[in-house]
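J.: Please read through the structure below; I'll follow up with questions.
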Amino acid sequence: MKKRYILALLAASLYGCQNDLKVPETVSQSAQNPADIDAMIWKKLKETGEFRWDMASEQTVWSALQNSDQVMSVGYKPASADADLRAVIHTINVQEGDWKTAREALIDLIFSEERKTNPALKREDLLVFTEQTLPVVNVRVKNLTTVQALRRSPLVRYAEPMGYEPALSDKKARVASSSGCGSNIADIPLAEGADYTTVSPGSKSSWNHPFHGIRDGWTRTSGAGMKLMIIDTGLSYDQDNLSGNFNQGASTGRTVERLVTMPKAWWWSPDETPRDGCGHGTAMAGVAVGPRGTDGAAIGVAYNASLVSVRAVADVLIDESREVKGVSDAYILAGNRSDIRITSSSLGRVTSSSQIADAIRYAFNRGKLMFCAGGTSFGWSAGWWGVTFPASMSEVQAVTGVQDNLNSACDACHKGSQIDFVVVMEKAGNDRHPITLAMSGDAPSTVGGSSVATATTAGMATLVWGQNPGLTREQVVSKLAAASNYFPNRHPDFGWGRINVNAATQLQ
């Protein structure tokens, strides 16, 4: 489908796409102009700090559908049930009882409305993606009357455009490279001392590690026995340090899994693979769990932890319907696996997605500790620099980046009251960023923004939990907070602040 790109935001079981996700070639003349929709979204963001589709009129919701791929995310419930499912979302069996009945009645309602303008429509043609776990359906909606009927139905918890995000007014500026891809290289020539320190048995530790006590913390913990899930753009098949050389030197006995939850773009296209075509997921994996080896590559924070890489998105902006589905399924996957305790996602979007929120609450209720990037932008945000979704959710730990002066956000990092932790990831004098694994080879690349801050923090949490696997999620967060520089208070923009993981490993 035709993506609606924004300049560099957030520097995310396989289900197949049943229908073509191509954007309609024509849009009804009664649909609102995208520029007007976008203006309304930015206005709400600046006024309230968030944008949910229940803030928009039925006409606006329908217009957003027609200006994207017409795919709607509809959360449902039995008519007598409470619409707020956050406490019970993980206990629902949508295949049985009242939930199955409600789903069938909802699809009947949609089918009835859509057939008014398309008598040849078949009921099975409505569904775009399959869903086995959450009480939600993803359907193609073309009629305004369908949106109106859904807004009024006691079966509906939410009804939202799945793939609409506000974009630049200049459509020519919407390019894939602006969504966090294509830059997994060193931003300047790297030098010993300035950019890294070589540690035994021959790896490069990033210049920012001492700001967080990481090297000292390695004397007590390495993340052994833990399994970190990174929800992102996948892994490069050409980076041996994330495959055959994942175990080398001081990194031993661990595993790599490469999974994909993002549906394919077209019903006739080849299956999606876990391969990273962007570079972002490879960089995040290197930051969090790169091996402590002998080949001179960048070392990850939790260098002895296992890795589960989930390719949930094509790039860091969650602006396609299939990316919303991919991210949602990734969190469900994490929730269903007892061997995964921590997830890291350096992805996001401007508008909220109730389907992703459902999935995050599903994983949260199953005990997962989730870290999300607070947001990174470059001129697109029209004066709004708030915490992006899903980092804005209370169920996740939101992370952003700061400069080495310790009191300023990085040049493009978002901040706000929803941030929980910060990571030093930019030198104020020359914009140097932390090192990580490139798409191939042992020469490090660099990566910045709230993305690297999030992967670093997830790595530190893995160190702490790996040291004492009997801790609860809440106890791990408490240790991280208590070892941060603003504790016992919270900074208005930076939360608990900068973690000293060496101190955290010594707290009782």
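J.: Using helices alone, what [θ] at 222 nm do you get for the chain, with -39,500 (n - 2.57) per DSSP H run of 4 or more residues, divided over all residues and rounded to the nearest 500?
T.: Numbers: 11 runs with 126 residues, N = 508.
Theoretical 222 nm ellipticity from helices: -7500 deg cm²/dmol.
J.: Right, another one. How do 214, 107 rank when sorted from fewest to most other Cβ atoms within 10 Å of their own Cβ?
T.: Working: 214 23, 107 18.
Going from sparsest to densest Cβ surroundings: 107, 214.
J.: Just need the relative contact order of region 112-162 here, percent rounded to a whole number, with Cα pairs under 8 Å and 6+ apart.
T.: Values: 32 pairs, mean separation 14.6, N = 51.
For region 112-162, the relative contact order is 29 percent.
J.: With both partners inside the chain, how many of the DSSP beta bridges are antiparallel, as a percent to the nearest 5? Walk me through the numbers on the way to the answer.
T.: Details: 25 of 58 bridges.
Percent antiparallel among DSSP bridges in the chain is about 45.
J.: Then there is this: Of the DSSP beta bridges with both residues in region 262-418, give the percent that are antiparallel, rounding to the nearest 5.
T.: On the way: 3 of 11 bridges.
So the antiparallel bridges in region 262-418 amount to around 25 percent.
J.: Of the DSSP beta bridges with both residues in region 192-330, give the percent that are antiparallel, rounding to the nearest 5. Present the calculation step by step, with values, prior to reporting the outcome.
T.: Working: 5 of 19 bridges.
Restricted to region 192-330, the bridges split so that about 25 percent are antiparallel.
J.: Sort region 258-400 into rounded, prolate or oblate with this rule: let a ≥ b ≥ c be the square roots of the eigenvalues of the Cα gyration tensor; rounded if a/c is under 1.5, and if a/c is not under 1.5, prolate when a/b is larger than b/c, oblate otherwise. Don't jump to the answer; show the numbers that get you there.
T.: Details: a/c = 1.26, a/b = 1.19, b/c = 1.06.
Verdict is rounded for region 258-400.
J.: Whole Å is fine, so just give me how far the alpha carbon centre of region 290-323 lies from that of region 380-435.
T.: Here the answer is 19 Å between Cα centres.
J.: How large is the charge dipole for region 318-439, taken about the Cα centre, if only the Cβ atoms of Lys, Arg (+1) and Asp, Glu (-1) carry charge, to the nearest 20 debye?
T.: Here the size comes out at about 280 debye.
J.: Among rounded, prolate and oblate, which fits region 391-456 when a ≥ b ≥ c are the square roots of the eigenvalues of its C-alpha gyration tensor, a/c under 1.5 means rounded, and a/b larger than b/c means prolate?
T.: In terms of gyration-tensor shape, oblate.
J.: Specify whether the C-alpha gyration tensor of region 451-508 places it in the rounded, prolate or oblate class, a ≥ b ≥ c being the square roots of the eigenvalues: rounded for a/c under 1.5, otherwise prolate if a/b is larger than b/c and oblate if not. Let's see the in-between values first.
T.: Values: a/c = 1.94, a/b = 1.33, b/c = 1.46.
Here region 451-508 falls in the oblate category.
J.: Taking Cα extents along the principal axes in Å straight from the coordinates, which label in [x] 78, 52, 38; [y] 66, 63, 43; [z] 70, 48, 47 is the correct one?
T.: Correct label is [z].
J.: Quick one: order 278, 413, 372 by neighbouring beta-carbon count within 10 Å, fewest to most.
T.: Arranged by neighbour count, lowest to highest, 278, 413, 372 become 278, 413, 372.
J.: Right, another one. How do 287, 402 rank when sorted from fewest to most other Cβ atoms within 10 Å of their own Cβ? Write down the numbers at each step before the final one.
T.: On the way: 287 32, 402 24.
With the sparsest Cβ surroundings first, the list reads 402, 287.
J.: Return a whole-number percent for the relative contact order of region 210-347, with Cα pairs under 8 Å and 6 or more residues apart as the contact set.
T.: It comes to 36 percent, rounded to a whole number.
Since every read-out is calculated from the coordinates, none of them should be taken as a lab result. In this text, all values refer to a predicted model and were calculated from it rather than measured experimentally. Counting neighbours? That spans all protein chains shown, and the Cβs are built from the backbone with ideal geometry, glycine included.
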